[in-house]
Amino acid sequence: MNNFTYKKVETITDAVQEVSKNKRANFIAGGTNLIDLWKYDLAHPEALIDINSVSSLKKIELLTSGELSLGALVTNSDTAYNDIVSSKYPLLSRAILAGASAQIRNSATNGGNLLQRTRCYYFYDKTAPCNKRNSGSGCPAKEGLNRMHAILGSSESCIAVFPSDMCVALSALSASVNVSGPNGDRQIAFENFHRLPEDQPQLDNTLQADEIITALILPDEDFSEHYSYLKLRDRNSYAFALVSVATAMTLENGLIKEIRIALGGVAHKPWRVPEAEDFLVGIKPSRYNFAEAAKIILKGAKGYGGNDFKIELSARAIVRNCMMALDPETQRPGAQPSL
Ligand SMILES: Cc1cc2nc3c(=O)[nH]c(=O)nc-3n(C[C@H](O)[C@H](O)[C@H](O)COP(=O)(O)OP(=O)(O)OC[C@H]3O[C@@H](n4cnc5c(N)ncnc54)[C@H](O)[C@@H]3O)c2cc1C
């Protein structure tokens, strides 16, 4: 039996104050991940802090800087269907709608999406060792079932992947994360929010235990003409990505002016390689050039047997998705890319 206290808070200040009181306190937002983890005996909050009444976290706001602020408590559905998001940042809408199910997206929040935990089978199986769950116990995935596991950025201690779709688009869009804590507010660039496992796989990200995510900030950039999110998975719905790719691009005189490519399902964090993006700037958008960029992105990729196929799959997914990004028509639900 896991006894816990429950407290509803109405302000960010109260939320931070409450979470600072107990190292085993947890916020609850939509509850779609936390409650699952709790049922699996993987989360044991002593104090549950319900942030659902913090109205300041529920807004989508266009800032005077031109950036768009997505409140941490806005649901994934409300974010995906928001007029500004779907017109100016359609890549984000696409990625969100590729995740989970409509019912889950109606409860799942933006803040919670960033903090969802890995779906590694060994992490969920309490009879198995797992360095992420029980530091120093080992990583059976390396020699075991690893079809869905990392091909990039893994370490001796962990080969789990971060499963979010939304975060792959946020990475490509160079978002940042606003957080509040006892020492005030800070902003974390998206590439520094999630971390690689190294020798501390128990840490998924750089958020401190006494901090709350308040908003996600999207830069004032427009990739609404050339974008695409491709999610490859075992089932066509209600499944996590084996490999996903988010591409955002602008063209000028038939050449690539700017491009962002982020991968999901392949590492402990969304995977972006600026060197590959730099390579593509100023050249023609072609299958050949995207394939060359894929080589740069996948440099050092390593399989563990069951997931070796993901290296080739990723290379092909990058090329296919970048080609799809050229033609917004392929973004219509049900449309087939003309490759
Ligand atoms: C069956 C199923 C399928 C799914 N499929 C996909 C998928 O295909 N793609 C995908 O991307 N996701 C998928 N998800 C994951 C889903 O998107 C996440 O569970 C959801 O986004 C988490 O949000 P939440 O508000 O429910 O978080 P909660 O469960 O409430 O919280 C999750 C964690 O975040 C913390 N937290 C929440 N909000 C804050 C905050 N503002 N500040 C600090 N800490 C906070 C909580 O303390 C907890 O540790 C799936 C989930 C399920 C159950």
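Every read-out reported here was derived from the displayed coordinates using simple, explicitly stated rules and does not represent laboratory data. Only a predicted model underlies this, so the values are computations on that prediction, with no experimental measurement involved. Positions of Cβ are backbone-derived with ideal geometry, glycine not excepted, and every protein chain shown enters the neighbour counts.
What the table shows:
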item: Length released on extending from TYR288 to GLU258, taking residue separation times 0.36 nm less the Cα-Cα span; result: 9.1 nm
item: Cross-link partners of LYS284 among lysines (Cα-Cα below 23 Å; sequence separation of 8 or more within a chain); result: LYS257, LYS295, LYS299
item: Helix axis angle, 309-326 relative to the chain longest principal axis, alpha carbon, degrees; result: 70
item: Net length gained if the chain between ASN134 and ALA43 were fully extended (0.36 nm per residue, minus Cα distance); result: 31.5 nm
item: Listed residues SER69, SER101, SER314, most fluctuating in the chain (Gaussian network, C-alpha, under 10 Å); result: SER101
item: Euclidean distance of C-alpha centroids, segment 144-168 and segment 285-304, integer Å; result: 18
item: Rounded, prolate or oblate (a/c below 1.5 giving rounded, otherwise prolate when a/b exceeds b/c) for segment 66-122 by Cα gyration tensor; result: prolate
item: Above-threshold pairs, the threshold being 28 Å between Cα atoms, out of LYS39/LYS310; LYS126/LYS269; LYS59/LYS132; LYS7/LYS88; result: LYS39/LYS310; LYS59/LYS132; LYS7/LYS88
item: Label point at GLU10 placed 7 Å out along Cα→Cβ; residues across segment 27-60 whose backbone nitrogen lies under 15 Å; result: 50-57
item: For segment 119-229: rounded, prolate or oblate by the Cα gyration tensor [a/c cutoff 1.5]; result: oblate
item: Estimated distance in nm for a label pair at ASP125 and ASN22, the labels positioned 7 Å out from Cα along Cα-to-Cβ; result: 3.3
item: Relative contact order (%) - segment 259-309, alpha-carbon pairs under 8 angstrom, separation at least six; result: 27
item: Between segment 212-254 and segment 1-41, the Cα center-to-center distance that results, in Å; result: 30
item: Order by protection proxy (mean Cβ within 10 Å, highest first), peptides 236-245, 38-47; result: 236-245, 38-47
item: The chain: most fluctuating residue of SER107, SER65, SER180 per GNM, C-alpha cutoff 10 Å; result: SER65
item: Dipole-positive endmost among SER107, ILE259, THR118 within the chain (Cβ charges, Cα centre); result: THR118
item: Virtual spin-label span in nm between ASP185 and ASP83, 7 Å along Cα→Cβ; result: 2.5
item: Modelled label reach - ALA209, point 7 Å along Cα→Cβ, segment 153-188 residues with backbone N closer than 15 Å; result: 182
